[in-house]
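Chemist: Dropping the structure in here first, questions after.
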Amino acid sequence: MTVNQIAFFGLFFLSVILYYCVPKKCQWMTLLGISLLFYHLMGVDNFLYILVTTGTLTYGTRKMYQIDRKLEESLKNAPVKPTREEKKEKKAQAKAIKKRWLLGIIVINLGILLVLKYGNFFINNINGVLKLVGMDGMNKLGLIAPLGLSYYTLQAIGYALDVFKGKCEPESNPFKVLLFVTYFPQMTQGPIGRYPELAAQFFRGNQFSYQNLSYGCQRIVWGLFKKAVIADHLRPLVNGIFNNHTSVSGFTLFMGCVYMSLQIYADFSGYSDIVCGVSEIYGIRLMENFRRPFFSKSLGEYWRRWHISLSSWFRDYIFYPASISRTAVKFGKLGQKFFSPRIRKLFPAVFALCLVWFCTGFWHDASWRYIFWGVGNGVVIISAIILEPQFTAAKEKLHINENAKWWQAFSVLRTFIIICLLKVFPAGNSTMHSLSIAKRILLDFRPELTYEAFFRNTQWYNLIYIAIGLVLFLCVSIIQTREPARQWLGSKPVVVRWVVFLALIAMILCFGSFDSTVRGGFEYAQF
């Protein structure tokens with residue numbers, strides 16, 4: 001069952017009725033029940049890993065919290081007031097014990113992720129080395145990773161880190177922790193939530209609101225439109241280009257990267273709209289995952305607008321700690337003899353960015369092509385940071401006004417082209433396939449085949465559906481640069497609002513292309 005199927009909305013409709021019929025103090029139990037049922041209906045019968053995550057979070061975070069409370073009590077009730085040095089020593093001892101509990105939580109949950117999702121990747125690379133030296137290889141693992149493992153693992157680790165840092169108190173009820181881990185709208189593709197924001201909404205009890213119902217339905221319909229009318233019509237076009245990469249021109253392959261960028265955006269943001277709309281009907285606000293990323297003027301800005309819950313997770317839990325770590329400081333000292341003071345100061349941040357972008361690529365998929373994609377993003381961003389003074393000097397020399405509309409348009413177009421070119425790595429079925437596509441994009445110039453690049457084995461009516469969808473998508477994005485689209489729509493007469501709403505539904509039903517498979521229905525479910 002996927003969130004774009006009729007069965008899902010039937011189940012969701014019944015759950016909303018039950019949610020608002022039970023007492024407020026029991027509403028979270030309804031969410032837990034429907035989340036577990038949803039996970040089961042998606043064909044995932046093995047709850048063992050989820051229970052391990054829930055158990056380690058509940059027990060480990062409580063232990064960390066108790067260590068802090070015991071420290072406070074020992075300092076408060078000490079017969080003799082401890083000196084500053086004694087306080088510092090006791091706090092250091094308590095922190096060391098907390099770190100062991102935190103490390104235990106991370107090792108267990110990250111270990112599950114590494115074994116289930118990346119085990120065969122490691123085995124394949126080890127076998128490659130063993131083959132070179134004439135030794136027998138290892139057998140592949142027969143384990144299957146549970147759906148949503150990558151997402152709820154990061155969410156769980158973020159919760160443990162927040163408790164460790166004192167940003168929130170741990171939850172002692174394991175069933176409430178289980179709800180945080182398995183909340184069904186966000187489980188399979190995020191957004192990756194933070195415990196302080198979600199817990200307050202899960203357990204407070206929510207009153208039915210017509211505005212929440214209206215806004216939630218609007219967002220669900222808009223998400224379905226992006227998924228069914230845009231993404232699912234672009235998918236055959238993308239697959240047709242890359243599956244026949246040896247018989248098409250380099251420009252056609254580049255256009256395939258453009259189509260793929262638009263497809264993934266419509267697909268993933270459509271999913272996010274659907275689940276955010278579903279949650280809003282319950283009175284729960286999920287983190288926004290997109291903020292018009294294709295309007296970005298740099299790749300760094302793009303990643304602050306794209307998959308925000310993931311990029312902010314890496315920023316808060318990897319980049320910031322890594323940039324002030326001892327390793328980063330040692331890395332910075334390496335450049336003291338060879339680089340200017342400005343570059344030396346950037347070394348810790350560069351070290352952290354390298355780590356973040358390697359992890360970003362590896363998180364997406366257990367393959368070298370995604371690692372290259374992540375590293376490629378990192379190289380562009382790091383290069384822009386290091387060369388910023390040179391770029392600024394060049395713009396001053398050429399008398400370029402950065403606030404000029406033509407320059408801003410150029411910056412947006414330049415960033416979009418970089419985004420599309422980097423898509424060459426995930427476009428292939430393997431690393432060699434991706435490199436072959438990249439080679440043809442760079443070397444195969446055949447202007448006479450420009451027509452096929454835009455209309456590659458596509459029926460005219462599919463092109464019309466795609467064009468209509470993209471034009472509406474662009475119009476809504478432009479409106480959202482000034483105010484939220486639904487706020488703009490809400491200011492219009494009732495008749496106009498209903499005409500727009502029913503027109504979107506009609507286009508979904510008439511033009512929509514629906515996919516019922518779990519992992520194939522939405523692109524990011526595979527991650």
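The values are calculated or read from the model by the stated rules, or taken from the named source; none is laboratory data. For clarity, every value in this text was computed on a predicted model and none was experimentally measured. Note that we place each Cβ from the backbone using ideal geometry, even for glycine, and neighbour counts take in every protein chain shown. To get the accessible areas, we keep the full protein, side chains included, count just its heavy atoms, and leave off ligands, DNA and RNA. Shrake-Rupley method; radii C 1.70, N 1.55, O 1.52, S 1.80 Å.
Chemist: Look through segment 394-437, keep the residues that are among the aliphatic types (A, V, I, L, M), within 18 Å of Met255 (Cβ to Cβ) and touching a helix residue (DSSP H, G or I) at 6+ places or on another chain (Cβ under 9 Å), and return whichever of them is surrounded by the most Cβ atoms within 10 Å (Cβ to Cβ).
Modeler: Val424
Chemist: Let me ask you something else. Enumerate the pairs (first residue in segment 124-146 and under 16 Å from Ser367 (Cβ atoms); second residue anywhere and assigned to a loop (DSSP other than H, G, I, E, B) and at pLDDT 80 or above) with beta-carbon separation below 6 Å, excluding pairs fewer than 6 apart on the same chain, so at least 6 apart or on different chains.
Modeler: Between residues of segment 124-146 that are under 16 Å from Ser367 (Cβ atoms) and residues that are assigned to a loop (DSSP other than H, G, I, E, B) and at pLDDT 80 or above, there is no close pair.
Chemist: Find the helices (runs of 4 or more DSSP H) located wholly in segment 232-316 whose residues include 1 or more that are open to solvent by 10 Å² or more (accessible area, probe 1.4 Å), more than 30 Å from Ala200 (Cβ to Cβ) and among the β-branched types (Val, Ile, Thr), and list them.
Modeler: Those helices (runs of 4 or more DSSP H) span 250-282.
Chemist: So for segment 321-334 (the condition being buried (at least 17 other Cβ atoms within 10 Å of the Cβ) and either basic (Lys, Arg) or not in a helix (DSSP H, G or I) (or both)), does at least one residue qualify?
Modeler: Looking through segment 321-334, none of the residues is buried (at least 17 other Cβ atoms within 10 Å of the Cβ) and either basic (Lys, Arg) or not in a helix (DSSP H, G or I) (or both).
Chemist: Can Arg204 be described as surrounded by fewer than 17 Cβ atoms within 10 Å (Cβ to Cβ), modelled with pLDDT under 95 and of a type in the set (Lys, Arg)?
Modeler: Considered against the rule, which asks whether it is surrounded by fewer than 17 Cβ atoms within 10 Å (Cβ to Cβ), modelled with pLDDT under 95 and of a type in the set (Lys, Arg), Arg204 comes out as yes.
Chemist: Could I ask something else about it? Would you be able to tell me the number of residues in segment 391-411 that are in a helix (DSSP H, G or I), under 24 Å from Pro293 (Cα atoms) and not hydroxyl-bearing (Ser, Thr, Tyr)?
Modeler: Qualifying residue count for the region: 7.
Chemist: Return the pair list, or none, for Cβ contacts closer than 6 Å from residues in segment 337-355 that are within 11 Å of Ser323 (Cα to Cα) to residues that are open to solvent by 40 Å² or more (accessible area, probe 1.4 Å), at least 6 apart or on different chains.
Modeler: From residues that are within 11 Å of Ser323 (Cα to Cα), the pairs are Phe347/Phe331; Phe351/Phe331; Ala352/Phe319.
Chemist: From the list Leu110, Leu130, pick out the single residue that is open to solvent by 30 Å² or more (accessible area, probe 1.4 Å), closer than 21 Å to Pro146 by Cα and in a helix (DSSP H, G or I). Before the answer, list the steps.
Modeler: On the way: Leu130 fails: closer than 21 Å to Pro146 by Cα.
Unique residue meeting the criteria: Leu110.
Chemist: Counting only residues that are part of a loop (DSSP other than H, G, I, E, B) and open to solvent by 10 Å² or more (accessible area, probe 1.4 Å), which one in segment 168-187 is nearest to Phe47 (Cα to Cα)?
Modeler: Asn173
Chemist: May I ask you to list the residues in segment 14-44 that are within 17 Å of Tyr152 (Cα to Cα) and part of a loop (DSSP other than H, G, I, E, B)?
Modeler: Met42, Val44
Chemist: Check off (1) closer than 20 Å to Ile108 by Cβ; (2) open to solvent by 10 Å² or more (accessible area, probe 1.4 Å) for Gly158 and give me the number that stays unchecked.
Modeler: Only one criterion is unmet by Gly158, namely (2).
Chemist: Any chance segment 237-244 includes a residue that's farther than 22 Å from His307 by Cα and modelled with pLDDT of 90 or more?
Modeler: no
Chemist: While we're on this one: So which of Val221, Val229 is open to solvent by less than 10 Å² (accessible area, probe 1.4 Å) and within 27 Å of Ala485 (Cβ to Cβ)?
Modeler: Result of the check over Val221, Val229: Val229.
Chemist: Scan segment 278-299 and report the pairs whose first residue is touching a residue at least 60 places away in the same chain (Cβ under 8 Å) and within 19 Å of Leu310 (Cβ to Cβ) and whose second residue is aliphatic (A, V, I, L, M) and crowded, with 23+ Cβ neighbours inside 10 Å, with Cβ atoms within less than 6 Å and a gap of 6+ or a chain change.
Modeler: Filtered contacts from segment 278-299: Ser279/Leu286.
Chemist: Filter segment 335-348 for residues that are loosely packed, with under 14 Cβ neighbours inside 10 Å and either among the polar types (S, T, N, Q) or not in a helix (DSSP H, G or I) (or both) and give the result.
Modeler: Gln336, Lys337, Phe338, Ser340
Chemist: Give me the residue from segment 114-127 that is out of contact with any Phe, Trp or Tyr (no Cβ under 9 Å at 6 or more places or on another chain) and open to solvent by less than 20 Å² (accessible area, probe 1.4 Å) and, out of that set, modelled with the lowest pLDDT.
Modeler: The qualifying residue modelled with the lowest pLDDT is Ile123.
Chemist: On to the next question. Counting only residues that are surrounded by fewer than 12 Cβ atoms within 10 Å (Cβ to Cβ), at pLDDT 80 or above and not small (Gly, Ala, Ser), how many does segment 82-99 have?
Modeler: 3
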